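Worksheet: one structure, shown below.
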Amino acid sequence: MTRTQYYVAASIDGYIADAEGRLGWLFQFNDVEGVDAHYKAFLAGVGALAMGSATYEFILAEGLKAWPYAGLPTWVFTHRALPAFEGADIRFTSEDVSVVHEQMVRAAEGKHIWLMGGGNLVAQFARRGLLDEILLGVAPVVLGSGAPLLPASIPGPLELQGITRFGRGFVELRYEIPRT
């Protein structure tokens, strides 16, 4: 069964990017034992992606030659024209998330939908009852400011389903979103 998941990492104080919109603080944990294998296992279960325009523009700014999520249909929620990666299955949309979610479920073909980024976008899915779980990596750093994990409220309380520890201090908390 397709589940819609917000797979994200944040600082202890709840930021997914620093005040300049960068992720350097997070990349220091790429080599922590088990993180890479865990990410690859998660990605193998993904059938479709969704992200906001700021997340997409962050990926564009990385200067990559090819789309890093080849083979995965990706919806970018935006009201502006943005450049596409050649050969990538990227669909730019300004439609309501509930309309697009149906398309994503079909495209995922039984795999999961990854809400990659944009706390506001994730909150829109949650408010419409379309978010199933949050897979929250918590990095042992304090940023003090930046892009918040979820800048809008979502229905709760959330139900903790699991905790995975990686190395010295990096953990993943898996929360299920209760249906009301």
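The values are calculated or read from the model by the stated rules, or taken from the named source; none is laboratory data. These numbers come from a predicted model, not from an experiment. Counting neighbours? That spans all protein chains shown, and the Cβs are built from the backbone with ideal geometry, glycine included.
Before moving on, here are some points about what is shown:
- The residues of the range 83-131 that are of a type outside the set (Phe, Trp, Tyr), in a loop (DSSP other than H, G, I, E, B) and at negative phi, listed by number, are Pro83, Ala84, Glu86, Ala88, Asp89, Ser94, Glu95, Asp96, Lys111, Arg128, Leu130, Leu131.
- Within the range 2-27, residues that are within 15 Å of Val142 (Cβ to Cβ) reach partners that are at pLDDT below 95 and of a type in the set (D, E, K, R) with beta carbons closer than 6 Å, at six or more positions or on different chains, in the pairs Trp25/Asp18.
- Index of the failed condition, Gln161 passing every other in (1) in the same structural domain as Phe42 (by TED's automatic domain parsing); (2) under 16 Å from the mean Cα position of the chain (by Cα); (3) outside any loop (DSSP other than H, G, I, E, B): (2)
- Odd one out for Pro155 among (1) surrounded by 16 or more Cβ atoms within 10 Å (Cβ to Cβ); (2) at pLDDT below 95; (3) in the same structural domain as Tyr15 (by TED's automatic domain parsing): (1)
- Being of a type in the set (Lys, Arg), more than 22 Å from Gly24 (Cβ to Cβ) and either in contact with a Leu (Cβ under 9 Å, 6 or more places away or on another chain) or modelled with pLDDT under 95 (or both) is a description that does not apply to Arg168.
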